[in-house]
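Participant: A single structure is presented below for examination.
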Amino acid sequence: MEIARALAYADAHWDEYVDLYIRAVAQPSVAAQDYGVRACGELLRGYLEDSGVDGARLMETGGQPVVFGELHGPSGAPTVLVYSHYDVQPADPVDAWNTPPFEPTLIDGRLFARGAGDNKGQLMANLLAVRSLVRTGQQPPVHLKFLYDGEEENASPNLPAFVDAHRDLLRADLCYFADGQVHPSNRPVVNFGVRGQLAIEFEARGGETDLHSGHWGEVAPSASWKLVHVLASMKDAQGRILVPGFYDQVRQMTEADRTALDEIPYDEAQVLEIMGAKRVAGPAEFGFFEKTLLRPSMNLSGVQTGYTGPGARSAIPSRAVAKMEMRLVPDQDPDVLFERIVEHVRRVDPDVTVRKLKGLPPSRTALDAPFSDAVITAVANAFGQAPILFPSVGATSADFVFTRTLGMPSFCVPYGPPDENQHSPNESFRLEDLRRGIACMLNVMAEVAVASPVSV
Ligand SMILES: [Zn+2]
């Protein structure tokens with residue numbers, strides 16, 4: 001496989017490539033609003049087919065379709081599952097855009113539109129890399145399977161069931177995808193996992209109705225105090241989570257994890273400025289990246305009870321509610337943790353009920369997993385400098401369908417610029433990011449093809 005020949009083709013057909021990219025971005029595909037998603041899937045199916053991919057098709061899920069296709073490499077070559085998502089965030093607030101969100105506008109080599117970077121620019125980079133190989137008469141050195149999710153921005157509600165039902169079709173040696181931004185220092189990044197998530201809500205009941213606090217204070221049950229006591233029993237002032245067994249399944253950091261965390265650039269002054277805080281919170285024995293990437297978190301995201309308007313109101317609240325959202329790390333299981341929380345709350349106050357809103361397991365690929373070195377080398381080649389390795393990111397996605405359901409390592413390499421404005425007005429992606437993404441995907445194919453799949 002000759003990378004240079006493929007890149008020369010891309011350069012010679014650059015206007016055509018940019019046009020394909022712009023057309024993909026111009027087709028709205030907002031999963032949250034069911035706006036144009038299937039039409040965008042059809043467009044990309046056509047792109048895959050036109051780029052030499054076999055059997056490109058839409059496949060139904062319980063929601064928006066996935067786009068799937070395959071391209072064979074030499075027999076015995078490893079198989080790469082190229083994941084991406086073609087849905088986008090809603091464009092709101094539309095008034096805050098300088099250009100219409102679904103009318104892609106090129107300004108100084110940068111394309112402004114919803115989905116320009118997240119994720120269509122990155123999806124197109126990987127697709128156009130394959131097209132460049134095929135159009136120069138080169139067989140990819142690896143087998144490729146393409147899987148484009150139509151509901152990622154909606155938390156991929158149907159992807160787990162789809163992947164579970166199509167294990168044979170999706171079987172591969174590794175999953176590779178491009179999403180997110182390079183480091184603010186412009187160094188490239190390889191992400192090896194995501195945290196999971198458990199969201200719950202509490203409801204505390206006092207009396208049947210709010211009661212006069214002068215007549216009933218200290219004898220009537222107070223929903224607000226009940227809720228406060230339950231919440232305070234879950235986390236101490238130092239940030240330690242107190243629910244019994246909460247940390248039991250937290251996986252120990254490896255030496256490699258520790259080294260990787262130590263090598264992530266950290267500027268405390270900048271961190272404090274972004275947070276608008278005087279100090280970093282949480283237990284002092286854990287470092288910033290350990291806390292944000294490899295340790296679980298418990299966020300009390302909302303509390304509502306009684307009266308908080310002007311003046312005083314003399315009543316005992318009969319109802320209090322709260323929402324809490326936790327980020328989980330391997331090997332924590334959202335269902336097991338939810339049961340522990342229910343038991344804990346029952347012990348503290350049986351008048352407080354807990355309901356589960358959503359749960360997604362965490363996902364990790366070991367830093368020394370098979371093909372890890374190949375991906376790292378490919379990224380270094382394409383970007384001209386060694387990537388920063390993130391053992392995990394702090395946020396959550398359905399990455400577990402690859403690492404757990406399909407049992408393969410999964411690597412995410414962001415192609416987006418640091419100022420991509422992902423999910424915000426004036427999202428953008430540079431044509432040079434597209435070009436570099438194409439180079440990165442070509443390098444990934446080349447390095448994976450010659451890599452020993454054996455863990456180092
Ligand atoms: Zn997104």
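Participant: Using a/c under 1.5 as the rounded threshold, could you call the stretch 270-389 rounded, prolate or oblate? The axes a ≥ b ≥ c are square roots of the C-alpha gyration tensor eigenvalues, and prolate needs a/b larger than b/c, oblate otherwise.
Facilitator: Prolate, since a/c reaches 1.5 and a/b exceeds b/c.
Participant: Quantify how much of the Cα-Cα distance distribution of the stretch 112-183 extends past 18 Å, in percent.
Facilitator: The proportion of pairs with Cα distances above 18 Å equals 53 percent.
Participant: Rounded, prolate or oblate: pick one for the stretch 160-259, where a ≥ b ≥ c are the square roots of the eigenvalues of its C-alpha gyration tensor, a/c under 1.5 means rounded, and failing that, prolate if a/b is larger than b/c, else oblate.
Facilitator: Prolate shape, in that a/c is at least 1.5 and a/b is the bigger ratio.
Participant: Hey, another quick one. Once you keep just the Cα pairs under 8 angstrom separated by 6 or more residues, what percentage relative contact order results for the chain?
Facilitator: Relative contact order of the chain: 25 percent.
Participant: Quick one: if you stick a label point 7 Å off each Cα along the C-beta vector at R167 and V280, how many nm between them?
Facilitator: 4.1
Participant: Additional query: Using 0.36 nm per residue, how much length does the chain from A269 to T353 gain when fully extended, once their Cα-Cα distance is taken away?
Facilitator: 26.1 nm
Participant: A further question on this structure: Beyond 36 Å, how much of the Cα-Cα pair distribution for the chain remains, as a whole percent?
Facilitator: Value for the chain (Cα pairs over 36 Å): 34 percent.
Participant: What relative contact order, as a whole-number percentage, does the stretch 74-123 give when Cα pairs under 8 Å and 6 or more residues apart are counted?
Facilitator: Reported relative contact order: 38 percent.
Participant: So, one more: To the nearest 0.05, how large is the calculated FRET efficiency for A386 and E432 if R₀ is 35 Å and r is the Cβ-Cβ distance?
Facilitator: That gives a FRET efficiency of 0.95.
Participant: Hey, what D do you get for the stretch 231-338 in µm²/s if you plug the Kirkwood alpha-carbon radius into Stokes-Einstein at 4 °C and 1.567 mPa s?
Facilitator: Diffusion coefficient, whole number: 77 µm²/s.
Participant: Still on this model: List, in the order given, every pair from K291/K358; K278/K356; K278/K323; K120/K278 whose Cα-Cα distance in the structure shown is over 30 Å.
Facilitator: The answer is K278/K356; K120/K278.
Participant: How many angstrom lie between the C-alpha centres of the stretch 413-441 and the stretch 216-264?
Facilitator: Centre-to-centre (Cα) distance: 37 Å.
Participant: Can you tell me the dipole magnitude for the chain around its Cα centre, using point charges on the Cβ only (Lys, Arg +1; Asp, Glu -1), in Debye to the nearest 20?
Facilitator: Around 740 debye, computed over the chain.
Participant: On to the next question. Would you work out which of P157, Y86, F146 lies farthest towards the positive end of the dipole of the stretch 50-179, given +1 charges on the beta-carbon of Lys and Arg and -1 on that of Asp and Glu, about the Cα centre?
Facilitator: Positive-end residue among those listed: F146.
Participant: Right, next: Given points 7 Å out from each Cα along the Cα-Cβ axis, report the R346 to A39 separation in nanometres with one decimal.
Facilitator: In this crude spin-label approximation the distance works out to 5.2 nm.
Laboratory data are not the source of any read-out in this text; all were calculated from the coordinates shown. Treat the numbers as computed from the prediction; the structure is a model and nothing was measured. No Cβ is skipped: glycine too gets one built from the backbone with ideal geometry, and neighbour counts run over all protein chains shown.
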